[in-house]
Amino acid sequence: MELLVSAVEILARWDVILALVVGSVGGVMIGAIPGVGPAVAIAILLPATFSMDPIVGLTVLLGIYGSSMYGGAIPAILINTPGTAVNALTTYDGFPMTARGEARRALSLAYSASFFGGVFSVICLILFAPVLARIAPMFGSREIFLAALLGLILVVIAHRGQTLIAAAMAFFGIFLNTVGLEPVKYSKRYTFDQSWLSSGVDLIVVVLGLFALSQAFYLLQGDDEKVRLTPLRGGLFQGLRELSRHPRVAGVSGAFGVVMGMIPGVGEFTAQFMSYTSAQRSSKRPEDFGHGSSEGLIAAETSNNAVPAAAMVPLLALGIPGEALTAMMLSVFYVHNVVPGPQLFQNDMPFVVALYLALLVLNVLVLIFLLSATGHLVKVVKIPNRFLGVGILTLSFVGVYSLRNSFTDCLIAACFGVFGFVLKRLSLPAVPIVLGMVLGGIMEVKLRAGMARVKTPLDFIDRPIAMILFVMILGVLALHIRHVLIERRKLKEAKWSARRRSTRFGMQMFRRRDYLSTERGKKVREKRSKYVPRSTGPRSPR
Amino acid sequence: MTEEERRFKGPVRGQSLFAIVFVVASLLLLSQLGTETRWAKGTQLFAQPRFWPAVAVGGMLLFGLLHLWKLPRKRLRRADLVEWRIWFFALEWVLWFLVYVTVVPVLGYLPSTLVFVLLLAGRVGYRSPKMMWISAGFAVAVVVVFKTFLQVRIHGGAAYEYLPGALRSFMILNF
């Protein structure tokens, strides 16, 4: 109780409340505009939050992170275009409901499910915080290194079908982190005698290039899309009633969101996929999934909104971000000399609980805002893409230039913008680069510290948590190898079944010869296999 | 279309060039490992300044090569050429951005943003008076929110120096 009171005291400031309102309303609007997304918004706002108190800056960013998925459901349901990437599954059941003339029911259900997911995860985590506070100090250098390694491996293998390039990008991120002056021996690494590379490559410059500038280039290079909005009819409160009729689907999906959110690198997509599949399996009408099923919509929206609060666990307890957005938030901690990790849980627990309470309040604010302003909010969906590109390019300048007023930073960001643009065009992942940069730095420091007290390699995993993490890494790799082998077998089978004969003349002649020799061979073998005794009977009379 | 191409995640066009450039860049970085990093005597392997760059560049090369090897199509076709042209034309927006960055310290944040947004909006096709007004409003709003209220660190323009006393400091501080 004392802890809660201290946490409320941290939040009870006008600037924190203002940050909460701005973050939540802004996040919903950003989420509702297809083509912007929370990563772009957080990247742009990041430098602006450096001058604020840590709790104020983090509240704004948390607001955007936590509320963007609420907003992302609006275009997913109304125009079949997800506002943020994680709302893709919402289109499966949301848009068919709109097509049936039930747009308001779908929106109301999505808001209610999102609200339940958000609140459910925050409550779970507040209850779980004392346990975390006890477990977190057990993580030393070796355990944090292994957890970061596990996170990086999970991020890579989460990109199914693109694992190789995701791994290459993660290593590229690690490489970027090594550029500059090495902090222990003070030797230069890959600076090519350029003074501007001595201080290294700034994470925020890379993030702004990869997420904001690349998105601006992508939108400017593309075309505007015509959007036709369905008029909304009926009340928005019916969703809460409908949600109460599916407590099991909501509960299971929320639990999936919490568990998957806590594992670095896994995140919303896996949580959604698992909860959606589980809801479909347990449903009385599984055939409705993908055709406007309310249970499908609940599963998708509950699980993705349960993730943001849970994703803060590895960040706060171990200092390990599990995805690009939490990696960006980590830089806010570093700027203010607040080091997330076991010590934060031991020494500043009210701060941690205050962040969770902020998330709780944020969910309430967003629900109130959406229930009252959806009618007006849907108009943001109509903003033309290329104009959005102009806007993002203008805002990206603030993000990069305000860091150090440096032209070089802007040039590096522009280079990463082009690189991110190419990645977007090719549908290749950019997130492993950011996580490679962040986790690479953590891994370097922790491995050095961990190996200092180790005599044989096996000593590295002689502690229980280190051993568990090591076994998990092996297990994850084994599962991935199994998946790759299965995919390979399936590909072979598909290739065999779809094999076509060559139509070239030479090949046709070859096949003809083969056929004839086979057929002739069959006849000869048949003839020889049969015992035909010489006829000894009387000759027929002539 | 082959079975591999059908199962490939994302478009096949342009992939081979990207993969080749990535592998060549990794090779070049690996060739510089000896000169661009240092081996400290009497230091453990994991604490060597060279250890992590070697791991990173080695990983880039290994996985880049594997990605290139596993690509469903390595031969270049006409579709690849079209894709490279799109990448090349995106450089126009980079140029716009860099010109904007260069102009801000000279003209000042507010005038530069106003001119940049209006010109760029015109360039991408929003030339109606309504869109021009919206663009101008957006430019002013960005400056007011970030420079006036949030006080982000963007220096005042050199052109502000020619303004009379009180207005000069007001403009440097807020716009």
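The values are calculated or read from the model by the stated rules, or taken from the named source; none is laboratory data. This is a predicted model, so every value here is computed, not measured. Neighbour counts are summed over all protein chains in view; Cβ atoms, including those assigned to glycine, are modelled from backbone coordinates with ideal geometry.
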### Message
Taking the condition of being away from every other protein chain (no Cβ under 13 Å) and either within 26 Å of residue A:173 (Cα to Cα) or of a type in the set (A, V, I, L, M, F, W, C) (or both), how many residues in region A:362-393 meet it?
### Response
14
### Task
Could you tell me which of the residues A:135, A:126, A:79 is in contact with a Lys or Arg (Cβ under 8 Å, 6 or more places away or on another chain), hydrophobic (A, V, I, L, M, F, W, C), modelled with pLDDT under 85 and over 19 Å from residue A:299 (Cβ atoms)?
A:79
#### Entry: Matching residues, region A:495-516, being modelled with pLDDT under 85 and either touching a Phe, Trp or Tyr at 6+ places or on another chain (Cβ under 6 Å) or surrounded by 11 or more Cβ atoms within 10 Å (Cβ to Cβ) (or both)
A:495, A:507, A:508, A:511
### Query
Any idea which residue in region A:1-55 is nearest to residue A:326 (Cα to Cα), counting only those that are in a helix (DSSP H, G or I) and of a type in the set (D, E, K, R)?
A:15
### Only listed residue being assigned to a helix (DSSP H, G or I), facing chain A (nearest Cβ under 7 Å) and in contact (Cβ under 8 Å) with a residue 12 or more places away in the chain, chosen from B:64, B:59
B:64
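One line per residue, one yes/no per condition, for (1) part of a helix (DSSP H, G or I); (2) touching a residue at least 12 places away in the same chain (Cβ under 8 Å); (3) outside the structural domain of residue B:68 (by TED's automatic domain parsing); (4) surrounded by 15 or more Cβ atoms within 10 Å (Cβ to Cβ):
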| position | (1), (2), (3), (4) |
| --- | --- |
| B:13 | no, yes, no, yes |
| B:17 | yes, yes, no, yes |
| B:22 | yes, yes, no, yes |
| B:34 | yes, no, no, no |
| B:41 | no, no, no, no |
| B:49 | no, yes, no, yes |
### Query
Looking at region B:105-131, which of its residues are touching a helix residue (DSSP H, G or I) at 6+ places or on another chain (Cβ under 7 Å), part of a helix (DSSP H, G or I) and under 17 Å from residue A:392 (Cα atoms)?
B:109, B:110, B:112, B:113, B:114, B:116, B:117, B:118, B:120, B:121, B:131
### Message
Being within 12 Å of chain A (Cβ to nearest Cβ) and either on the phi > 0 side of the Ramachandran plot or not in a helix (DSSP H, G or I) (or both) is the requirement here; does residue B:152 meet it?
### Response
yes
### Query
Is it true that residue A:317 is crowded, with 24+ Cβ neighbours inside 10 Å and part of a helix (DSSP H, G or I)?
no
### Query
Out of (1) more than 21 Å from the chain's Cα centre (by Cα); (2) among the charged types (D, E, K, R); (3) surrounded by 14 or more Cβ atoms within 10 Å (Cβ to Cβ), the odd one out for residue B:83 is which?
(1)
#### Entry: region A:1-55, subset of a type in the set (Asp, Glu) and within 21 Å of residue B:150 (Cβ to Cβ), residue surrounded by the fewest Cβ atoms within 10 Å (Cβ to Cβ)
A:15
## Note on the structure
Taking region A:436-462 and the residues there that are in a helix (DSSP H, G or I) and basic (Lys, Arg), the one that is nearest to the other protein chains (Cβ to nearest Cβ) would be A:448
## Note on the structure
Restricting attention to region A:10-44, the residues that are in contact (Cβ under 8 Å) with a residue 60 or more places away in the chain and farther than 16 Å from residue A:359 by Cβ number exactly 11
### Query
Restricting the search to region A:340-360, which residues are part of a helix (DSSP H, G or I) and more than 24 Å from the chain's Cα centre (by Cα)?
A:342, A:343, A:344, A:345, A:346, A:347, A:349, A:350, A:351, A:353, A:354
### Task
Would you point out the residue of region A:83-102, among those that are surrounded by 24 or more Cβ atoms within 10 Å (Cβ to Cβ) and not hydroxyl-bearing (Ser, Thr, Tyr), that is nearest to residue A:324 (Cα to Cα)?
A:86
### Query
Looking only at region B:83-141, which residues are of a type in the set (Ser, Thr, Tyr) and within 8 Å of chain A (Cβ to nearest Cβ)?
B:100, B:102, B:113, B:126, B:135
### Pick from region B:145-164, criterion closer than 18 Å to residue A:46 by Cα and in contact (Cβ under 8 Å) with a residue 12 or more places away in the chain, ranking: surrounded by the fewest Cβ atoms within 10 Å (Cβ to Cβ)
B:148
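Yes/no matrix, rows are residues, columns are (1) closer than 30 Å to residue B:97 by Cβ; (2) modelled with pLDDT of 85 or more; (3) out of contact with any strand residue (DSSP E or B) (no Cβ under 8 Å at 6 or more places or on another chain); (4) within 12 Å of chain B (Cβ to nearest Cβ):
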| position | (1), (2), (3), (4) |
| --- | --- |
| A:139 | no, no, yes, no |
| A:167 | no, yes, yes, yes |
| A:172 | yes, yes, yes, yes |
| A:187 | no, yes, no, yes |
| A:199 | yes, yes, no, no |
| A:218 | yes, yes, yes, yes |
### Query
Out of all the residues in region B:118-136, is one or more surrounded by 14 or more Cβ atoms within 10 Å (Cβ to Cβ) and touching a His at 6+ places or on another chain (Cβ under 9 Å)?
no
### Message
Suppose the filter is surrounded by 24 or more Cβ atoms within 10 Å (Cβ to Cβ), over 18 Å from residue A:117 (Cβ atoms) and touching a Phe, Trp or Tyr at 6+ places or on another chain (Cβ under 8 Å); does residue A:325 pass it?
### Response
no
### Query
Checking residue A:207 against (1) in contact (Cβ under 8 Å) with a residue 24 or more places away in the chain; (2) more than 25 Å from residue B:28 (Cα to Cα), which test does it fail?
(2)
### Task
From the list A:486, A:465, A:433, A:481, pick out the single residue that is assigned to a helix (DSSP H, G or I), surrounded by 13 or more Cβ atoms within 10 Å (Cβ to Cβ) and modelled with pLDDT of 90 or more.
A:433
### Task
Return yes when residue A:133 is within 20 Å of the chain's Cα centre (by Cα), at negative phi and surrounded by fewer than 23 Cβ atoms within 10 Å (Cβ to Cβ) and no when it is not.
no
### Message
I'd like the full set of residues that are facing chain B (nearest Cβ under 7 Å) and in contact (Cβ under 8 Å) with a residue 24 or more places away in the chain, limited to region A:394-416.
### Response
A:395, A:398, A:402, A:414
### Query
Within region A:30-44, restricting attention to residues that are out of contact with any Leu (no Cβ under 7 Å at 6 or more places or on another chain) and among the aliphatic types (A, V, I, L, M), which residue is farthest from residue A:337 (Cα to Cα)?
A:30
### region B:6-48, residues that are touching a Lys or Arg at 6+ places or on another chain (Cβ under 6 Å) and more than 7 Å from chain A (Cβ to nearest Cβ)
B:12, B:16, B:39
### Sole exception among (1) more than 7 Å from every other protein chain (Cβ to nearest Cβ); (2) surrounded by fewer than 17 Cβ atoms within 10 Å (Cβ to Cβ); (3) assigned to a helix (DSSP H, G or I) for residue B:75, by number
(3)
